[in-house]
């Protein structure tokens, strides 16, 4: 049990690292495409705000992810299979340049492995899954509408401004808006890994309790129930600090294949539009992930926001063929991740060497 717990924690940090460079494009695509910052300073800027999020956000999203499946019905092999599946899908979509959701692949992998383990879909927390699936469609729409409205307001307010001076100001403001979006990205995406590690810790703690073994301080994860019946996670500080550090380091590694898709292929973006898109994305992330505790995708949010600013020019300014391909990838992420995780779970239990290692 201890060996597999350590493997899960290491792979969780690997996933967080991949999440960082896979989703780096979300935070920096517009400031790179508008030449506000060169690629390397841009990723450093985003990484700093990713890490800063540790001191800004609570663990609402981590709590939601940890409740994706019923913890009493799973074991550590389930969590391991889910993380492996999420890593596979993230690397595949990064290689293909598809900005898919790291959030959804992690939840899909976790759920798929749990179903394979129990043989029943009843183990999945339907409320968490349905809300997550719903925001595959709602997040980009919300981002799109807010970005459209913000762009119209900004353009009307600045209609008499000198174009050259206004452009210089918006380039400066893009640093603020991209920082805000990176803050939301760190606060939302890092917590998903916190939730997975916490779920593994809860399984391990339950195992120690059944054996009457004293629980080490570093694995002391617990749940409390408030007055309205909601569960809340309590985790050692090293877990969120490590997760925020991993995603910040991953962001510094960049994700240039996806930067190209997000920054140029959906629609061409000016500094003014970059400010509107990033601000809309940040508002959506803060409102949904922190207000509602739903693990919304930063990828979906910023893609919808970029479409929204493109629509203010004309509908044809958005390359809807690219947008449609992205939507198909988004919809496929959860079921494909579930299938991969189920396959990985069966492989883990088929290979005899695992019985001696685990």
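Observations
- The number of residues in region 91-105 that are at pLDDT below 85 and in contact with a helix residue (DSSP H, G or I) (Cβ under 6 Å, 6 or more places away or on another chain) comes to 9.
- Residue match in region 264-272 (condition: buried (at least 19 other Cβ atoms within 10 Å of the Cβ) and at pLDDT 75 or above): yes
- Comparison of 293, 308 shows that the only residue that is crowded, with 24+ Cβ neighbours inside 10 Å, touching a helix residue (DSSP H, G or I) at 6+ places or on another chain (Cβ under 6 Å) and either within 19 Å of residue 183 (Cα to Cα) or modelled with pLDDT of 60 or more (or both) is 308.
- Qualifying positions in region 67-83 - crowded, with 24+ Cβ neighbours inside 10 Å and at pLDDT 80 or above: 78, 79, 80, 81, 82, 83
- Check on residue 101, crowded, with 19+ Cβ neighbours inside 10 Å and either touching a residue at least 40 places away in the same chain (Cβ under 8 Å) or in contact with a strand residue (DSSP E or B) (Cβ under 9 Å, 6 or more places away or on another chain) (or both): yes
- Residue among 197, 215 that is surrounded by 14 or more Cβ atoms within 10 Å (Cβ to Cβ) and modelled with pLDDT of 85 or more: 197
The values are calculated or read from the model by the stated rules, or taken from the named source; none is laboratory data. The structure displayed is predicted, hence computed values, not measured ones. As a convention, Cβ positions derive from the backbone with ideal geometry for all residues, glycine included, and neighbour counts pool all protein chains shown.
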